[in-house]
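Novice: Dumping the structure here so I can ask a few things about it.
The values are calculated or read from the model by the stated rules, or taken from the named source; none is laboratory data. This one's a predicted model, so the numbers in the text were calculated from it and none came from an experiment. Note: ideal-geometry Cβ built from the backbone for every residue, glycine included; neighbour counts use all protein chains shown. Note: accessible area is taken over every heavy atom of the protein model, side chains too, but ligands, DNA and RNA are not part of it. Shrake-Rupley method; radii C 1.70, N 1.55, O 1.52, S 1.80 Å.
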Amino acid sequence: MNQLHLFLPCAAGVEGFLADEVHAITGASGQDLLVGRGGVMLRGMWRDAMLLNLHSRLAQRVLIELSHTMYRSENDLYRAASEVAWEIWFSPKETFKIEVTAQHSPLTSLNFAALKVKDAIADRFRAKRNGVRPSVETHHPDVRVHLHLTTDGATLYIDTSGEALFKRGWREDKGDAPLKETLAAAMIAASGWNPHGDNPQPLYDPCCGSGTLVIEAAQIARRIPAGILRRFAFEKLVPFQRHVWEAMLDEAEAAILPESPVGIYGSDIAFRMVDFAQRNAERAGVSDTVSLRGGDALQRMPPSEQPGMMILNPPYGERIAAAGSAGRNAAERMGQVERAGRETAQTEDGGEFFSQLASHWKKNYSGWSAWMLTPDLKLPSKMRLKESRRTPMWNGPIECRLFCFDMVKGSTKPRKTAEGDAQQ
């Protein structure tokens, strides 16, 4: 096919890391690879779209731009969709769905906008295929068409991914408010952890939950593609050639390493979560690569003699509250856990727990660095540590920071009370 305009949406704050990943996967650079707000744009070929679906850990989807026009009304959207050659992308046998996103659109109903695009696609197929048109399927469509509206611009995309790319195909057991795989991969990318570099370091998540972060790390270390276990929407599109895709999969599987160059470790205070993590690791093909244990983060000693990186997303506060009913279940679970193992350490805002965690790390994890994703911008003061780096990153709708703390043996700074006395 001719050169395509691809758009890969991602979480806010991840755009630069995604651009680096796209360059590594496709070789795109310069004007062929542009960083935008909320994603990366590149000029590439059909093969690049398949490669990115298979290998990208940071993108949410791989979209192909088919039209960009100005609009003022729903009739303009109908006209724009009518001019797209949908018949070269899918046939009347495939079901389809229209998904609409908008930023400051003047239209009063996004549902009506979706209806006009749906009508335009159906009418074009009727005209081109002797009255035959594809059916609409809202739950499990073969083809997803994305319409993005700004104040006066309308962009139409066809989705080559299908299910969002964070759905790797291995997660069946999960806890409450689980970390998305794409965000876990973004945390790893931001930390700079490189198991294939000149000085590879062990990686440890002391609050591993259902294992998302350590499984992502293990697959990175083994060079297991993110999408190796799943299917993609592009397999039902007209340009798809099965033999080309199977050759691509064979090449990717041949590059998988039999073991990790470094140790990868996880632990969690809830043994149920450790069981979930172990089962997920088995499905992901890395059960022999990650070492999982139960235990309180306030008591766990370093899992390796060589200092390395801790990367974690401690589950408390706003992240759980934002998850709705699942979050309430998580809050109850954390309450049970903390009453059992952290009764004297935990306060309402987690302050005492985090200060004790910092003391434990400084005493026992000299030479390690700790990367923590949190919506709490006051976390460094709670830990009485000075961060060496802070990276803005969004967890869904929640603005977070990825703080890096470099562990130096010694005590944490005393915290002042309102009367000015120091608390140890």
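Novice: Which of the residues spanning the range 148-171 are aliphatic (A, V, I, L, M) and open to solvent by 10 Å² or more (accessible area, probe 1.4 Å)?
Specialist: Passing the criteria: only ALA164.
Novice: Going through the range 276-299 one residue at a time, which ones are open to solvent by 70 Å² or more (accessible area, probe 1.4 Å) and touching a strand residue (DSSP E or B) at 6+ places or on another chain (Cβ under 9 Å)?
Specialist: Of everything in the range 276-299, just one residue is open to solvent by 70 Å² or more (accessible area, probe 1.4 Å) and touching a strand residue (DSSP E or B) at 6+ places or on another chain (Cβ under 9 Å), namely ARG293.
Novice: Related question: Take the range 43-57 and flag every residue that is within 14 Å of the chain's Cα centre (by Cα) and assigned to a loop (DSSP other than H, G, I, E, B).
Specialist: Of everything in the range 43-57, those that are within 14 Å of the chain's Cα centre (by Cα) and assigned to a loop (DSSP other than H, G, I, E, B) turn out to be SER56, ARG57.
Novice: Could I ask something else about it? Please work out if THR101 is part of a loop (DSSP other than H, G, I, E, B), among the polar types (S, T, N, Q) and out of contact with any Asp or Glu (no Cβ under 6 Å at 6 or more places or on another chain).
Specialist: When the stated conditions are applied, THR101 does not pass them.
Novice: I need the full set of residues from the range 1-42 which are under 17 Å from SER191 (Cα atoms) and either touching a Pro at 6+ places or on another chain (Cβ under 6 Å) or part of a strand (DSSP E or B) (or both), in order please.
Specialist: Within the range 1-42, the first condition is being under 17 Å from SER191 (Cα atoms), and the residues that meet it are 11-21.
Passing the criteria: only GLY13.
Okay, residues lined up against (1) over 14 Å from GLY13 (Cβ atoms); (2) of a type outside the set (Phe, Trp, Tyr); (3) in contact with a Gly (Cβ under 7 Å, 6 or more places away or on another chain); (4) surrounded by 18 or more Cβ atoms within 10 Å (Cβ to Cβ):
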position	(1), (2), (3), (4)
SER366	yes, yes, no, no
THR374	no, yes, no, yes
LYS382	yes, yes, yes, yes
GLU399	no, yes, no, no
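Novice: One residue is enough: does the range 18-29 have a residue meeting the conditions among the hydroxyl-bearing types (Ser, Thr, Tyr) and either open to solvent by less than 50 Å² (accessible area, probe 1.4 Å) or under 15 Å from ARG57 (Cα atoms) (or both)?
Specialist: Yes; the residues of the range 18-29 include at least one that is among the hydroxyl-bearing types (Ser, Thr, Tyr) and either open to solvent by less than 50 Å² (accessible area, probe 1.4 Å) or under 15 Å from ARG57 (Cα atoms) (or both).
Novice: So which residues in the range 357-381 are of a type in the set (Ser, Thr, Tyr) and more than 24 Å from the chain's Cα centre (by Cα), if there are any at all?
Specialist: SER359, TYR365, SER366, SER381
Novice: Give the range 69-99 a look and list any residue that's open to solvent by less than 30 Å² (accessible area, probe 1.4 Å) and under 16 Å from GLY153 (Cβ atoms), or say none.
Specialist: Result: TYR71, LEU77, ALA80, ALA81, VAL84.
Novice: A follow-up question, please. Restricted to the range 247-294, and to residues that are among the small types (Gly, Ala, Ser) and without any contact (Cβ under 8 Å) to a residue 60 or more places away in the chain, which residue is farthest from MET407 (Cα to Cα)?
Specialist: ALA247
Novice: Every residue in the range 128-143 that is more than 16 Å from LYS93 (Cβ to Cβ) and surrounded by 21 or more Cβ atoms within 10 Å (Cβ to Cβ), please.
Specialist: If the condition is that a residue be more than 16 Å from LYS93 (Cβ to Cβ) and surrounded by 21 or more Cβ atoms within 10 Å (Cβ to Cβ), then no residue fits.
Novice: Turning to a different aspect of this structure: If you take just the helices (runs of 4 or more DSSP H) that sit entirely in the range 143-254, which of them hold at least 3 residues that are assigned by the TED database to the domain that holds ILE269 and in contact with a helix residue (DSSP H, G or I) (Cβ under 9 Å, 6 or more places away or on another chain)?
Specialist: In the range 143-254, 181-191, 212-222 are the helices (runs of 4 or more DSSP H) which contain 3 or more residues that are assigned by the TED database to the domain that holds ILE269 and in contact with a helix residue (DSSP H, G or I) (Cβ under 9 Å, 6 or more places away or on another chain).
Novice: On the given criteria, is PRO206 modelled with pLDDT of 95 or more and open to solvent by 40 Å² or more (accessible area, probe 1.4 Å)?
Specialist: no
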